[in-house]
Amino acid sequence: MSFINDENLEPSAPADEEQSAEVEHPLAFETEEQWLTGWALPNFRRRLNKGEFRWDPEWWRYEEAITLITSLWLSFEKMRWEGATGMAAYMRDYFYPLMGELTSPDGPFWDYDPPVREDVPPEWPVQVIAGESA
């Protein structure tokens, strides 16, 4: 299952001729769900729901989690072709910081408590700007 809606995206023009000749690499994982279960979670093991790290097995119910996981997956697919230094940079700059944010006590799963509550927290209220329509 994919959460990216790229049907209406227009390709951007290449910055130079070299970019237009860039090789398209096959994906290692066809969807973010495959990447999450096949690569990310096996490589990010922590004690869950005991304070420092939070996780909901139904992660797809949280818009913020979808965004972060999709970003991590697409970054992984690009950076894995850049060799060992590319993956080291990916782990340092993307994977660990964003997985830490995703699973932090203040992250999207902040209120997930399997024995007590399984509802997704409500969206925060927004005040409409004066003169704007909702």
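Odds and ends about this structure:
- Screening Arg46 on (1) closer than 25 Å to Arg92 by Cβ; (2) modelled with pLDDT of 85 or more shows it passes everything except condition (2).
- When residues in segment 79-93 are screened for being at pLDDT 95 or above and of a type in the set (Lys, Arg), 1 of them pass.
- Scan segment 49-81 for residues that are of a type in the set (A, V, I, L, M), more than 16 Å from Asp93 (Cα to Cα) and free of Cβ contacts under 8 Å to residues at least 40 places away in the same chain and the total you get is 0.
- None of Phe95, Phe109, Phe29, Phe76 is crowded, with 18+ Cβ neighbours inside 10 Å and part of a loop (DSSP other than H, G, I, E, B) except Phe109.
- Against the list (1) surrounded by fewer than 16 Cβ atoms within 10 Å (Cβ to Cβ); (2) in a helix (DSSP H, G or I); (3) under 15 Å from the mean Cα position of the chain (by Cα); (4) of a type outside the set (D, E, K, R), the condition Thr85 fails is (3).
- Summed over segment 60-73, residues that are more than 16 Å from Gly100 (Cα to Cα) and touching a helix residue (DSSP H, G or I) at 6+ places or on another chain (Cβ under 8 Å) total 1.
- Residues located in segment 49-65, provided they are buried (at least 16 other Cβ atoms within 10 Å of the Cβ) and in a loop (DSSP other than H, G, I, E, B): Asn49, Phe53, Arg54, Trp55, Asp56, Tyr62
- If you check Thr37, Thr103, Thr67 for being at pLDDT 95 or above and among the hydroxyl-bearing types (Ser, Thr, Tyr), only one passes: Thr67.
The values are calculated or read from the model by the stated rules, or taken from the named source; none is laboratory data. Here the structure is a predicted model, which is why all the values come from computation and not from measurement. Please note: Cβ atoms are built from the backbone with ideal geometry, for glycine as well, and neighbour counts cover all protein chains shown.
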